[in-house]
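To start, the structure itself, in structure tokens.
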Amino acid sequence: MSYYLYLASIFYLFGLWAKEPIKLIWLSQKPEHSWEDTWLHELFEECGAPIVDVVDLSMTKIEERAVLVISNPPLEKLTHLLTTYRLLNIPFGVIQLSDEELHYSDIDYQSASFILKNYWCASLEKRDKRVLFFPLGYKRNFWKGFHGVVKPAFQRAYNWSFAGNVARPQRLKMARHMGCIEGYFFYRADGFNSQHALNTAQYRDLLLESTFSPCPIGNSSFDSFRVYESLEAGSIPIVQSTHKGDYFTHLLGPHPLLVVEDWQEAPGLVRKLLENPLQLENKRLACLSFWEKKKKELKSTIKALVDETFKD
């Protein structure tokens, strides 16, 4: 590094840390106990100010430049906290996590300047224009310890893989139909993050060796960490839709993911791509490129929301 480049980097870092930090206020759990910790920090990384985690399990602190991170909190305490911010006229944002069954879609967020929420909800999208729905992303420390490369399709060990609980009708149906595609790795676990499940690094490495990644419906939502971890690893997700429409188009906009309404459609789509290596690799790269572009858009949007909310 040249002397002038070194000085420039020092001045940049000084300017960054001279700004007041943005505080992620964790109200329901500590960040190290959250699956979304690393992902949230990536999404806020372009905000031009330090991002600081603050734990407030009592839900009593009032902070300037605060973004409240909420995960299934006690409603009475949450309502009191939001009311206090409103009465004191202190700008703040909200991140609503883990509401897969949409129990919290009717919360009155009062004077929050913006609301970031997992799990797309049509009624909430129509009712509150402050809500920005964002993908679940990848689990905490997904890339920790990785020093390899993301391989092209022809260098991957498996045509497809799945690791997880299959004790649900759609997952069993997926396994039955995808099983006719040879060259797969299937690992059955007894639940999400269970004792016998693959750990985060093992699962990441499996996805890095898999060309396709079937992503059947989760507990209640079409969404799952599996979709975005597959995209991160350069694997092609196969996601579900219904006759009413594609959940992921609502959440992500037009996308290149493989979509099936019924899992019996999947083998034909997969075989067609496997028979054409160039088309297969182009599809894989389209998914990877789409995800990188989508992340950049999200970061830019979040930066704009933060800048507008916490004007210096």
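Keeping to the stretch 242-260, report how many residues are in contact (Cβ under 8 Å) with a residue 24 or more places away in the chain, part of a helix (DSSP H, G or I) and not aliphatic (A, V, I, L, M).
Looking only at that region, the number is 3.
Please list, ordered by first then second residue, the pairs with beta carbon atoms under 7 Å, 6 or more apart or interchain, first in the stretch 91-111 and in the same structural domain as V67 (by TED's automatic domain parsing) and part of a strand (DSSP E or B), second crowded, with 16+ Cβ neighbours inside 10 Å and at pLDDT below 85.
From the stretch 91-111, the pairs are V94/Y109; Q96/Y104.
Taking the stretch 221-241, which residues are within 17 Å of L269 (Cβ to Cβ) and surrounded by fewer than 19 Cβ atoms within 10 Å (Cβ to Cβ)?
Once the filter is applied, which keeps residues that are within 17 Å of L269 (Cβ to Cβ) and surrounded by fewer than 19 Cβ atoms within 10 Å (Cβ to Cβ), the stretch 221-241 yields only S241.
Let me spell it out: the conditions are (1) modelled with pLDDT of 85 or more; (2) within 23 Å of Y119 (Cβ to Cβ), and E64 meets all of them except one. Which number is the exception?
(2)
Looking at T309, is it buried (at least 19 other Cβ atoms within 10 Å of the Cβ) and farther than 20 Å from W120 by Cβ?
Considered against the rule, which asks whether it is buried (at least 19 other Cβ atoms within 10 Å of the Cβ) and farther than 20 Å from W120 by Cβ, T309 comes out as no.
Spot the failing condition for D108; the list is (1) in contact with a helix residue (DSSP H, G or I) (Cβ under 9 Å, 6 or more places away or on another chain); (2) closer than 30 Å to Q202 by Cβ, and only one is missed.
(2)
So R86 ticks every box in (1) surrounded by 21 or more Cβ atoms within 10 Å (Cβ to Cβ); (2) part of a helix (DSSP H, G or I) but one. Which box is left unticked?
Here R86 clears every test but (1).
Assigned to a helix (DSSP H, G or I), touching a Pro at 6+ places or on another chain (Cβ under 8 Å) and not assigned by TED's automatic domain parsing to the domain that holds G183 - does that describe any residue in the stretch 299-311? Steps first, answer last, please.
Of the stretch 299-311, the ones assigned to a helix (DSSP H, G or I) are 299-309.
In the following step, the residues that additionally are touching a Pro at 6+ places or on another chain (Cβ under 8 Å) were identified as 309.
From the residues that got through so far, the ones that are not assigned by TED's automatic domain parsing to the domain that holds G183 too are 309.
Yes, that holds for at least one residue.
Which one of these does G183 not meet: (1) surrounded by fewer than 19 Cβ atoms within 10 Å (Cβ to Cβ); (2) in the same structural domain as P214 (by TED's automatic domain parsing); (3) closer than 26 Å to S221 by Cβ; (4) not basic (K, R)?
(3)
Given (1) surrounded by fewer than 15 Cβ atoms within 10 Å (Cβ to Cβ); (2) assigned to a loop (DSSP other than H, G, I, E, B), where does S289 come up short, assuming only one miss?
(2) is the only condition that S289 fails.
Please give the strands (runs of 3 or more DSSP E) falling wholly within the stretch 17-79 in which 1 or more residues are assigned by TED's automatic domain parsing to the domain that holds D99, within 19 Å of the chain's Cα centre (by Cα) and buried (at least 19 other Cβ atoms within 10 Å of the Cβ).
Working: elements: 22-26, 51-55, 66-71.
Ranges flagged: 22-26, 66-71.
Which one of the conditions (1) under 18 Å from the mean Cα position of the chain (by Cα); (2) surrounded by 13 or more Cβ atoms within 10 Å (Cβ to Cβ); (3) modelled with pLDDT under 95 does A189 fail to meet, given that it meets all the rest?
(1)
Residues in the stretch 205-218: is at least one aromatic (F, W, Y) and modelled with pLDDT under 95?
No.
Yes or no: the stretch 224-233 includes at least one residue that is modelled with pLDDT under 95 and not aromatic (F, W, Y).
Yes: one or more hits.
Name every residue in the stretch 123-158 that is part of a helix (DSSP H, G or I) and surrounded by 15 or more Cβ atoms within 10 Å (Cβ to Cβ), in order of residue number.
Those that are part of a helix (DSSP H, G or I) and surrounded by 15 or more Cβ atoms within 10 Å (Cβ to Cβ): L124, E125, A153.
Does any residue of the stretch 295-309 turn out to be under 18 Å from G137 (Cα atoms) and among the hydrophobic types (A, V, I, L, M, F, W, C)?
yes
The values are calculated or read from the model by the stated rules, or taken from the named source; none is laboratory data. Since the model is a prediction, treat every value here as computed from it, not as a measurement. When we count neighbours, we look across all protein chains shown, and the Cβ atoms used for this are built from the backbone with ideal geometry, even at glycine.
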